Amino acid sequence: MATDWLDWDGATDRTRFGLFFALVVTVWIAGTAILLAGVLHEVPAVVLTILMALLLYPFAGYCVRRYHDAGASGLWAFFVFVPVIGLFCLFYLLTAPTDARGDVELFPIEWPVAGLILLSCIVGFAVSRVFWQPFHITDAAMKPTFLVGDYVIGTRVIGTPDRNAVVFFRHPSDGDYSAARVVGRPGDRVQMQGGLLYINGWPVERLALRPFVEEFREQGPNRIWPMCAAFGPAPGTECIKRMYVEQFAQETGHTILDVQNSPGDHTPVFTVPADHVFVMGDNRDNARDSRFAPEQGGIGFLPTARIMAEARFVLFSSGARRPVAIWAWRPERYFASIE
């Protein structure tokens, strides 16, 4: 049996990659500083440049693998090769013969060094893109934590996420990215009774807040209509829902919506199996989550292997179908942390 030594499965693999990553970063930082200082002669400078270039190739393969795992195109990884080309250009400039006239310098060293710094920033961004991922919210399952039109940054999850974490994953029904909150970890018993969440037989504390109010209109690129407590409000009028703060034991509280009575308000007891989590949308009556089986359009128990990232903050938000509509931007949500 063969394994990918850059895979995330297993503590040994993660430690090995962490050490390799630290080595590459150290070599690039130290090498750039040495080249900037100009303390090396041409031959040692060429050797150092080649070493810095060669270390990028394992990163390129790793990037392709991680982009494919995240459902993105592996073409992103070719940004890693851009510094390789730049380094060979620098190799040529370092070894090219100098003009015979002493008052003319055809290739000032500041140019390749500046290019090396720029290319180092590019490869740093390309490599970092493996560890984080942007997501566009197009449904209402996580209101009010996410609004339709939010652009959220998530970071890669290692192991089983904590309870209360908001995670992104591929939905088992359609394969699209979805977001939900982890409410049950392996071994937990989860149940809904009368719209109230119970974990291991104990009700989760919640506190009523002022109602959540939004305009009843089409939202986002999919033109979805919000669900309201009152049936059939006129377009352009207020859409009102009950809102609560839900508080897990020793965890940060988060807001949820309770719109109306729904089948998901009453469930049997679910016992979360190993290597799985139980997830629910914060918009409880407008989410097909672990309370529903995949054949019902739900998620069922979510395997931790399907989790792509954990939400960290909202980068950008727009209430229009397209983000170019400046009048619909929501700056109050920019860089808002996820609770």
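The values are calculated or read from the model by the stated rules, or taken from the named source; none is laboratory data. These numbers were taken from a predicted model, which means no experiment stands behind them. A quick note on method: Cβ atoms are made from the backbone with ideal geometry, for glycine too, and the neighbour counts reach across all protein chains shown.
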Q) Residues Gly154, Gly175: which one is at pLDDT below 80 and either farther than 28 Å from Val269 by Cβ or in contact with an Asp or Glu (Cβ under 7 Å, 6 or more places away or on another chain) (or both)? A) Gly175
Q. More than 13 Å from Met280 (Cβ to Cβ), within 29 Å of the chain's Cα centre (by Cα), free of Cβ contacts under 8 Å to residues at least 60 places away in the same chain and surrounded by 12 or more Cβ atoms within 10 Å (Cβ to Cβ), is that true of Gln219?
A. no
Q) Out of curiosity, is Ala140 aliphatic (A, V, I, L, M), assigned to a loop (DSSP other than H, G, I, E, B) and out of contact with any Lys or Arg (no Cβ under 7 Å at 6 or more places or on another chain)? A) yes
Q. Within segment 154-182, restricting attention to residues that are surrounded by fewer than 20 Cβ atoms within 10 Å (Cβ to Cβ) and in contact with a His (Cβ under 8 Å, 6 or more places away or on another chain), which residue is farthest from Arg312 (Cα to Cα)?
A. Tyr177
Q: Inspect all residues belonging to segment 238-249 and state whether any of them is surrounded by fewer than 15 Cβ atoms within 10 Å (Cβ to Cβ) and closer than 15 Å to Glu214 by Cβ.
A: yes
Q: Check off (1) within 19 Å of Arg206 (Cβ to Cβ); (2) touching a Lys or Arg at 6+ places or on another chain (Cβ under 7 Å); (3) of a type in the set (S, T, N, Q) for Thr271 and give me the number that stays unchecked.
A: (1)
Q. Is there a residue in segment 309-325 that is among the small types (Gly, Ala, Ser), at pLDDT 90 or above and closer than 14 Å to Leu147 by Cα?
A. yes
(Q) If a residue must be in a loop (DSSP other than H, G, I, E, B) and of a type in the set (S, T, N, Q), how many such residues does segment 212-227 contain? (A) 1
Q: Return the residue satisfying two criteria in turn: it lies in segment 11-31 and is at pLDDT 75 or above and in contact with a helix residue (DSSP H, G or I) (Cβ under 8 Å, 6 or more places away or on another chain), and of such residues it is farthest from Gly159 (Cα to Cα).
A: Gly31
